[in-house]
1. Given (1) within 16 Å of ligand 2 (Cβ to nearest atom); (2) touching a strand residue (DSSP E or B) at 6+ places or on another chain (Cβ under 7 Å), where does A:Pro36 come up short, assuming only one miss?
2. Does B:Ala109 satisfy being small (Gly, Ala, Ser) and within 14 Å of chain A (Cβ to nearest Cβ)?
3. Answer yes or no as to whether B:Asp52 is touching a Cys at 6+ places or on another chain (Cβ under 6 Å) and at positive phi.
4. Select from segment B:9-40 the residues that are among the hydroxyl-bearing types (Ser, Thr, Tyr) and outside any loop (DSSP other than H, G, I, E, B) and write down the one among them that is nearest to ligand 2 (Cβ to nearest atom).
5. Test each condition in (1) more than 16 Å from ligand 1 (Cβ to nearest atom); (2) of a type in the set (Asp, Glu); (3) on the phi < 0 side of the Ramachandran plot for B:Glu129 and report the one that comes out false.
6. Name every residue in segment A:11-48 that is in contact (Cβ under 8 Å) with a residue 40 or more places away in the chain, more than 17 Å from A:Gly111 (Cα to Cα) and away from chain B (no Cβ under 14 Å), in order of residue number.
7. Looking only at segment B:102-140, count how many residues are away from ligand 2 (no atom under 16 Å from the Cβ) and assigned to a helix (DSSP H, G or I).
Amino acid sequence: MKDFVYHRPSSLDEATGLLAGAEDAKLLAGGMTLLPTMKQRLAMPSDIIDISGLSGLSGITVTADSVEIGAATKHAAVASSAEVQAVIPALAKLAGGIGDPQVRNRGTMGGSVANSDPAADYPAAVLGLGATIVTDRRSIDADSFFTGLFETALEEDEIITKIVFPIPEAAAYVKFPSPASRYALVGVFVAKTKGGLRVAVTGAGPCAFRATDFETALAKEFSPTALAGVTVPADGLNADIHADAEYRAHLVGVTARRAVAEIANGGAA
Amino acid sequence: MQIALTLNGKEVSAEVRPSLLLSEFLREQLGLTGTHVGCDTSQCGACVVHVDGVSMKSCTMLAVSAAGTAVTTIEGLAQGDVLHPMQQAFHECHGLQCGFCTPGMVMSAIEFAETTPEPTEEKARAWLEGNICRCTGYQNIIDSMLAGAAKMKSTQAGA
Ligand SMILES: Cc1cc2nc3c(=O)[nH]c(=O)nc-3n(C[C@H](O)[C@H](O)[C@H](O)COP(=O)(O)OP(=O)(O)OC[C@H]3O[C@@H](n4cnc5c(N)ncnc54)[C@H](O)[C@@H]3O)c2cc1C
Ligand code: FES
Ligand code: FES
């Protein structure tokens, strides 16, 4: 790994200042993505700004209609939170299915969402629940946040501080994990929200996206059979050694029907 | 950079370069080679240690990030000649063959025992997602984890 200057700021302001001041600075949260990338020299930042211990950036607050999760909150904390389990169990389940226990002990929600890995789990929940991404300078709607492969609406030096998830009437997340990494080959998050039905897909495309045809069909009739014959086009979907685009398109349908069935059967809310 | 941390119960301070991984710090700078490095790509779990009581992959953490924490490695478990109950269980249940994965397995298994109120085979298997073994076929590791968890519970109850 190439050397860098290490900073451990004690406030968000200090972190913002450091990020703006350095030549090619990177935030370090759990490091579960950034450090492997740096080992391969795919990233060679001049400065590392370690925000993993920044107080105020982690923690879970449940209000009457939302769950607010600090950006540096670890996956394990979300998975084991009794409060999250009570109001958005699908989110706790999703967090508990990320990688392995050691990844969950260190990886953070902000790092995952900022990274917009095509196979990451959290983006499906952020988009599926219509969450708001709050940064050091503004609030961004989930619908305009994920813009492409490892691309988001974030500015170079913008820091996610928390993510606000509206509490849905019901939601479910089903993923078809890669047997090796546990990343989502395909994952589908279905939610009945105050703003309507939302179906978000991860793993299949360059970044998380909404399956609007699925949403329309489910708005008419909320049952797995309502999705019979509804598909996402394979065009532009990911293809790799694990699965080609047609197979992923097929999996989106299967996984979505499972998620709908889970809600219809009153499984995960 | 100067860092200070508690390592296996003792205060340690050292000068490290920022890019030094915790695994490299332990093995190369301090000579604690019980922590193994199998993959160095965050997959195998041979490098698992405890940081503030929580299991982490030391190959995917900077030594500087461990400043101010309490780190426990496999070397810090036994009390003199008396093995930790989880080590004892791996010994009794033949939870290892070549032993390469074992330090990480034991460190991971201890957190499993501490955080799982009612351990079952299914829960143990799910917990091992991040620990790979090329030798045993896992069956004896699962047996060790469950036996070790029971031992830890009874040791605690007796203490
Ligand atoms: C073996 C393994 C298996 C995994 N399996 C899965 C899986 O099944 N599903 C899944 O979803 N993920 C998986 N992951 C990824 C894991 O969830 C990571 O924790 C996550 O992608 C990145 O979070 P992090 O906190 O480690 O971020 P880091 O690696 O520290 O940072 C990632 C990127 O985000 C930026 N960043 C971090 N925090 C912020 C912030 N607050 N604001 C703006 N930018 C920020 C960093 O600068 C960096 O560019 C796996 C990882 C490993 C190593
Ligand atoms: S050496 Fe750290 S996970 Fe393999
Ligand atoms: S005992 Fe040889 S790798 Fe596990």
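The values are calculated or read from the model by the stated rules, or taken from the named source; none is laboratory data. Bear in mind the structure is a predicted one, so any value in this text is a computation, not a measurement. For neighbour counting, all protein chains shown are included, and Cβ atoms are generated from backbone atoms with ideal geometry for every residue, glycine included. When the accessible area is computed, the model is the full protein with side chains, heavy atoms only, and any ligands, DNA or RNA have been set aside. Shrake-Rupley method; radii C 1.70, N 1.55, O 1.52, S 1.80 Å.
1. For A:Pro36, the failing item is (2).
2. yes
3. Against the criterion (touching a Cys at 6+ places or on another chain (Cβ under 6 Å) and at positive phi), B:Asp52 does not qualify.
4. B:Ser23
5. Result: B:Glu129 passes all but (1).
6. Passing the criteria: A:Ser11, A:Ala20.
7. Qualifying residue count, segment B:102-140: 13.
Residue-wise test of (1) open to solvent by 10 Å² or more (accessible area, probe 1.4 Å); (2) within 15 Å of ligand 1 (Cβ to nearest atom); (3) not assigned by TED's automatic domain parsing to the domain that holds B:Thr116.
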{"position": "B:Glu24", "(1), (2), (3)": "yes, no, yes"}
{"position": "B:Glu28", "(1), (2), (3)": "yes, no, yes"}
{"position": "B:Asp40", "(1), (2), (3)": "yes, yes, yes"}
{"position": "B:Cys44", "(1), (2), (3)": "yes, yes, yes"}
{"position": "B:Val54", "(1), (2), (3)": "yes, yes, yes"}
{"position": "B:Lys57", "(1), (2), (3)": "no, yes, yes"}
{"position": "B:Leu62", "(1), (2), (3)": "no, yes, yes"}
{"position": "B:Ser65", "(1), (2), (3)": "yes, yes, yes"}
{"position": "B:Ala70", "(1), (2), (3)": "yes, no, yes"}
